[in-house]
1. For the stretch A:143-163, which residues satisfy the criterion of being away from chain B (no Cβ under 14 Å), assigned to a strand (DSSP E or B) and touching a His at 6+ places or on another chain (Cβ under 8 Å)?
2. Filter the stretch B:49-82 for residues that are within 14 Å of chain A (Cβ to nearest Cβ) and either among the charged types (D, E, K, R) or in a strand (DSSP E or B) (or both) and give the result.
3. Name the pairs whose Cβ atoms lie under 9 Å apart, with the first residue in the stretch A:119-138 and under 24 Å from B:Ala44 (Cα atoms), the second modelled with pLDDT under 95, and 6 or more positions between them or separate chains?
4. Could you please give the count of residues in the stretch A:12-24 that are assigned to a loop (DSSP other than H, G, I, E, B) and surrounded by fewer than 24 Cβ atoms within 10 Å (Cβ to Cβ)?
5. Check A:Ala166, A:Ala174 and return the single one that is closer than 20 Å to B:Leu2 by Cβ, part of a strand (DSSP E or B) and either hydrophobic (A, V, I, L, M, F, W, C) or modelled with pLDDT of 95 or more (or both).
6. B:Gly115 versus (1) without any contact (Cβ under 8 Å) to a residue 40 or more places away in the chain; (2) closer than 28 Å to A:His116 by Cβ; (3) touching a Leu at 6+ places or on another chain (Cβ under 8 Å): which is the lone unmet condition?
7. How many residues, within the stretch A:153-170, are open to solvent by 10 Å² or more (accessible area, probe 1.4 Å) and under 18 Å from A:Pro72 (Cα atoms)?
8. Return the only residue of A:Tyr173, A:Tyr140 being buried (at least 24 other Cβ atoms within 10 Å of the Cβ), touching a helix residue (DSSP H, G or I) at 6+ places or on another chain (Cβ under 7 Å), within 20 Å of A:Gly48 (Cα to Cα) and within 13 Å of another protein chain (Cβ to nearest Cβ).
Amino acid sequence: MKIAIIKYNAGNNFSVECALRRLGYEAIVTDNPEEICQADKVIFPGVGEARSAMEYLRAHGLDEVIKSLKQPVLGICIGQQLMCRHSEEGDVDCLGIFDVDVKRFDATQSDLKIPHMGWNTISLSKDDFIPSTLNGKYVYYVHSYYVPVNEATVATTDYILPYSAALHKDNFYATQFHPEKSGDIGEQILKSFIEL
Amino acid sequence: MLAKRIIPCLDVKDGQTVKGVNFVNFREAGDPVALGKKYSDDGADELVYLDITASHEGRKTFIDLVRRVAENVSIPFTVGGGINQVEDVEKLLNAGADKISINSAALRNPDLIDGIARRFGNQVCVTAIDARMEGNEWVCYINGGRVSTGRRLLEWAHEAQERGAGEILFTSMDHDGVKTGFANDALAMLHDTLSIPVIASGGAGDYDHFYDVFTQGKADAALAASIFHFNEIPINELKEYLCKRNITVRL
């Protein structure tokens, strides 16, 4: 099993690498298109800002590489958002894999705080890559922007409004939460992706 | 629903946990990694590691420790102590920390908050504030509570938020170590003033103090050290207690 973690300017690569190692998998962290294309599974992690991340991906040709991948790809947090059509964060066009635009949480809609930070529950809306036993379990979130519910949504979380906790379309998978920081539950989700 | 967070805090000197730790049948209490893992297994929602080492050698040891925590612990953790510049933050994040906490350095040089937030995002930057009540005002202190800055708590907390802090970690020096409950009035004022999450610290002594800090104090998270280290309040039992009293916690 070859796992590639995409190296770019908005990744918490080391945390993802550590989580995989705890599951017994070694991954390579790389921005080399050949290494990424040859991997059995690709993880596109992220902690950062959308505009500067997209600029970096374009400057390094990684945008086209990611879109062309045929093996299972998992986007995490900003990775998920960058796989959408457009983001309100920096008003930037993204990869367009998921046919939906990323919005900012509207603070005027509630007295809830932004960023949405901490542990919240997932509701599985489709039987997909997240094991059904994890319906209603807590996962860890840190974000101010969200992906609205759309046809690729396979799980939702309710914060200010119900939004996409996880997406799946063709070989592309994504989570808004951080499975690598979500304890045992997160590790089970990473494992189910790796074992697809 | 977003869960209220319980956060144990570990003070580290030269790579070892310093505050007395006393667990029955737990031999590795001095090892911050083993202790963090134990807390994580017990249901802690996050961990905070504070480096209280002064020496340069000790700081290198702390970076190694951060790396080992990232390798072994599967929940988020914040690190603080001795961070004076953006480069310090980069080293800690590269070693696997999820967030960093700054205190005196931010009050001395508030631009540090802007710098960290711009480079790494607001969510990374926890601003810790130590304050005590003087007359009718909460006044901010630096250097481990030894030096008054004259700055007012609410005003400084608001400025920190505007500059890009992602969370405020407020310690009441009047309540710290006394174990009679958190500074709930001040915490509720912070909650009402700020749009970012507030972590309460200082004063935890019993189960109901946590209930009070989440209801009266409106805190998003509660941090404590000694009551967890001495197993006076096991984290899993605390969370079951809070759940029974209708506080949303991750079980």
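The values are calculated or read from the model by the stated rules, or taken from the named source; none is laboratory data. Worth saying up front: this structure is predicted, and the values here are computed from it rather than measured. We place every Cβ from the backbone using ideal geometry, glycine too, and count neighbours over all the protein chains shown. Please note that ligands, DNA and RNA were not included when accessible areas were found on the heavy atoms of the full protein model with its side chains. Shrake-Rupley method; radii C 1.70, N 1.55, O 1.52, S 1.80 Å.
1. Here is the first cut: in the stretch A:143-163, the ones away from chain B (no Cβ under 14 Å) are A:147-155.
Add one more test, that the residue is assigned to a strand (DSSP E or B), and what stays is A:153-155.
Within the stretch A:143-163, just A:Val154 meets the criteria.
2. B:Asp64, B:Arg67, B:Arg68, B:Glu71, B:Phe77, B:Thr78, B:Val79
3. Correct list of pairs: A:Asn120/B:Met1; A:Thr121/B:Met1; A:Tyr138/B:Leu251.
4. If we filter the stretch A:12-24 for residues that are assigned to a loop (DSSP other than H, G, I, E, B), which is where we start, we get A:12, A:23-24.
Still in the list and also surrounded by fewer than 24 Cβ atoms within 10 Å (Cβ to Cβ): A:23-24.
Residues that pass the stated criteria total 2.
5. On the way: A:Ala174 fails: closer than 20 Å to B:Leu2 by Cβ.
Matching residue, one of A:Ala166, A:Ala174: A:Ala166.
6. (3)
7. 3
8. On the way: A:Tyr173 fails: within 13 Å of another protein chain (Cβ to nearest Cβ).
From the options A:Tyr173, A:Tyr140, the qualifying one is A:Tyr140.
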